[in-house]
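Report on one structure; see the data block that follows.
The values are calculated or read from the model by the stated rules, or taken from the named source; none is laboratory data. Note that the structure is predicted; figures quoted are calculated from it, not measured. Here the Cβ positions follow ideal geometry from the backbone for every residue, glycine too, while neighbour counts run over all protein chains shown. Calculation scope for accessible area: heavy atoms of the full protein, side chains included, ligands and nucleic acids excluded. Shrake-Rupley method; radii C 1.70, N 1.55, O 1.52, S 1.80 Å.
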Amino acid sequence: MDFLKKESDNPNFDLWLDQLSERARSGDKLVWSFLYQAIREADSGRLSWGFHKRLLSGIFHMLSRIGDSQSYRLFINYVKSLDRTIPTGALELIGDLIPTFKEIDIDEIISISSLNDPFKSAFGIYALAQIVLEDRIPEEKIEQVKAFLRDYHNPNYYLDHLVERTLEFLERDNSDILAFVEQLAS
């Protein structure tokens, strides 16, 4: 861990993380131990987004590349246990990576979005919007997601526009997805 903290500016840093991801996929217990320790340190504040953003974003990218249920649980549990805010960019990054996992628990994401904690709720909305955009909402959950989004409000993170756009996407003919993505980007 200390080595990666110090060497995050090294040109080989991304390659090292890719190699660690491959080893974790093959079940390397040492790498999994490292991932759990990194998340614990991030959760406790010893690894902060302010000072270790490249390492932390690399760890979350590693978890998404691994993409299995173990990495998903580690990812989600990090968000659920957050007791302090992190930069909005980090929040968006983590939410954006959720659709990369093979199995996503939509009910759990809605549950996180429903929390009274505006920060965790914002994460849930970012994740839900990406899941919708990636067309990963099961058909039987679409009406539930629409109903939830219609009633959602979080004034702390100014998500009204994102919620409106996500609802528009769910309610329109999805054959013109490129125009919708371009509209979101503007």
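Please work out which residue is nearest to residue 15 (Cα to Cα), limiting yourself to the stretch 38-78 and to residues that are hydroxyl-bearing (Ser, Thr, Tyr) and touching a residue at least 24 places away in the same chain (Cβ under 8 Å).
57
What are the pairs with Cβ atoms under 7 angstrom where one residue, in the stretch 82-100, is farther than 17 Å from residue 63 by Cα and open to solvent by 60 Å² or more (accessible area, probe 1.4 Å) and the other, located anywhere, is at pLDDT 85 or above and in a helix (DSSP H, G or I)? Sequence gap at least six, or different chains.
Matching pairs, first to second residue: 85/119.
Yes or no: residue 115 assigned by the TED database to the domain that holds residue 159 and surrounded by fewer than 18 Cβ atoms within 10 Å (Cβ to Cβ)?
Here the answer is yes, as residue 115 does meet what is asked.
Looking for whichever is at pLDDT 90 or above, open to solvent by less than 10 Å² (accessible area, probe 1.4 Å), touching a helix residue (DSSP H, G or I) at 6+ places or on another chain (Cβ under 6 Å) and not assigned by the TED database to the domain that holds residue 133 here; the options are 47, 63. Which one fits?
One residue alone meets the criteria, 63.
Can you tell me which of 15, 35, 82 is within 22 Å of residue 117 (Cα to Cα) and among the aliphatic types (A, V, I, L, M)?
One residue alone meets the criteria, 82.
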